[in-house]
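Here is the structure we will look at.
The values are calculated or read from the model by the stated rules, or taken from the named source; none is laboratory data. The model shown is predicted, which means the values in this text are computed figures rather than measured ones. Cβ coordinates were reconstructed from backbone atoms using ideal geometry, including for glycine residues, and neighbour counts include every protein chain displayed.
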Amino acid sequence: MQVAIVTGASSGIGQSAAIRIAARGTGVILTYGRNRQGAADAVATIEKAGGTAVALHLDLGDSAGFDAFRDSVAEALRTTWSRDTFDHLVNNAGIAQASLIEDTAEEDFDRLMRVLLKGPYFLTQRLLPLMADGGSVVNVSSSAAAATSGLEPGYAAYASMKGGLSVLTRYMAKEFSPRGIRVNAVSPGATRTRLADDAFTRFPEVVPAIAAKTAFGRVGEPDDVGALIATLVGDESRWITAQDIEVSGGYQL
Ligand SMILES: NC(=O)c1ccc[n+]([C@@H]2O[C@H](COP(=O)([O-])OP(=O)(O)OC[C@H]3O[C@@H](n4cnc5c(N)ncnc54)[C@H](OP(=O)(O)O)[C@@H]3O)[C@@H](O)[C@H]2O)c1
């Protein structure tokens with residue numbers, strides 16, 4: 001059985017991706033930060049549908065813990081799947097915080113940097129020895145970093161780091177290609193998740209404005225993006241690498 005690691009699967013896009021990947025018969029190691037219950041819910045949903053999943057804690061903002069996380073992954077692979085390797089890595093976990101450039105505190109910038117760019121970079125580095133040849137990586141970037149999406153003031157730091165992740169995707173694709181590992185990014189538009197401390201729940205009035213700027217007339221739901229992530233992990237995407245696919249229902253089209 002193939003095995004995929006999905007970071008940040010206690011809610012939102014990562015939770016949907018984990019459930020959809022598992023539904024295709026792939027074992028899933030899913031991670032959570034503070035929301036242990038959300039991870040347990042995802043495991044329960046996967047098991048109820050006949051799949052196999054293990055939840056592990058991961059703090060993506062603390063690279064000093066990545067070696068211990070790799071050990072936990074190795075242990076889970078051995079005990080649950082009798083394997084020494086896994087096949088796919090979805091670098092999904094992330095945070096968002098809006099502030100104008102002139103108001104941004106350095107510690108907030110550094111926190112975003114640790115989670116959004118340094119985290120996926122070094123987590124992938126540490127997990128690579130456990131990755132089987134012929135697998136895939138999917139990095140979750142953002143349409144906020146796309147040259148074609150209209151810019152919203154307040155997302156300079158967040159979008160710059162997501163832009164970095166999109167560039168990193170192409171370099172990973174190049175460097176990992178000798179091992180047959182495909183690397184792609186997805187760039188969601190506004191998607192109704194718990195991002196930014198549940199911003200969609202706290203500010204429901206933003207939804208109609210976003211829907212009005214979206215060709216398909218609504219905001220995205222986690223499953224709109226999770227479905228594509230599962231497809232990119234799947235064998236039908238075997239000839240796709242180094243791509244960054246916007247998943248926004250036509251935002252600012
Ligand atoms: N929603 C959007 O509009 C949108 C648009 C473009 C891109 N994205 C990207 O999509 C990805 C998924 O976010 P989402 O929208 O699904 O939001 P979400 O519902 O808030 O999910 C974020 C996930 O990341 C985890 N996480 C956050 N900080 C972490 C840390 N320091 N260490 C480990 N895990 C951490 C969270 O875990 P806990 O809750 O357990 O701590 C949660 O599982 C993010 O990379 C985000 O930037 C989202």
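Numbers below:
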item: Output for segment 82-92, where each listed residue is farther than 29 Å from THR193 by Cβ and either part of a strand (DSSP E or B) or hydrophobic (A, V, I, L, M, F, W, C) (or both); result: none
item: Long-range neighbours under 6 Å by Cβ, at least six apart or interchain, first residue under 19 Å from GLY38 (Cα atoms) and part of a loop (DSSP other than H, G, I, E, B) within segment 191-217, second of a type in the set (Phe, Trp, Tyr) and at pLDDT below 95; result: ARG192/PHE200
item: Residue in segment 181-188 that is at pLDDT 95 or above, more than 10 Å from the ligand (Cβ to nearest atom) and not hydrophobic (A, V, I, L, M, F, W, C) present; result: yes
item: Scan of segment 146-180 for residues that are modelled with pLDDT under 95 and under 16 Å from ASP244 (Cβ atoms), ordered by number; result: ALA146, ALA147, THR148, SER149
item: Sole residue being within 12 Å of the ligand (Cβ to nearest atom) and under 23 Å from SER10 (Cα atoms), chosen from THR214, THR193, THR231; result: THR193
item: Qualifying residue in segment 58-68 (condition: in a loop (DSSP other than H, G, I, E, B), exposed (fewer than 15 other Cβ atoms within 10 Å of the Cβ), within 16 Å of the ligand (Cβ to nearest atom) and not aromatic (Phe, Trp, Tyr)); result: yes
item: Test: residue in segment 134-145 that is away from the ligand (no atom under 14 Å from the Cβ) and surrounded by fewer than 18 Cβ atoms within 10 Å (Cβ to Cβ); result: yes
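Condition check ((1) on the phi < 0 side of the Ramachandran plot; (2) assigned to a helix (DSSP H, G or I); (3) aromatic (Phe, Trp, Tyr)) across all residues:
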{"site": "ALA4", "(1), (2), (3)": "yes, no, no"}
{"site": "GLY8", "(1), (2), (3)": "no, no, no"}
{"site": "SER72", "(1), (2), (3)": "yes, yes, no"}
{"site": "GLU75", "(1), (2), (3)": "yes, yes, no"}
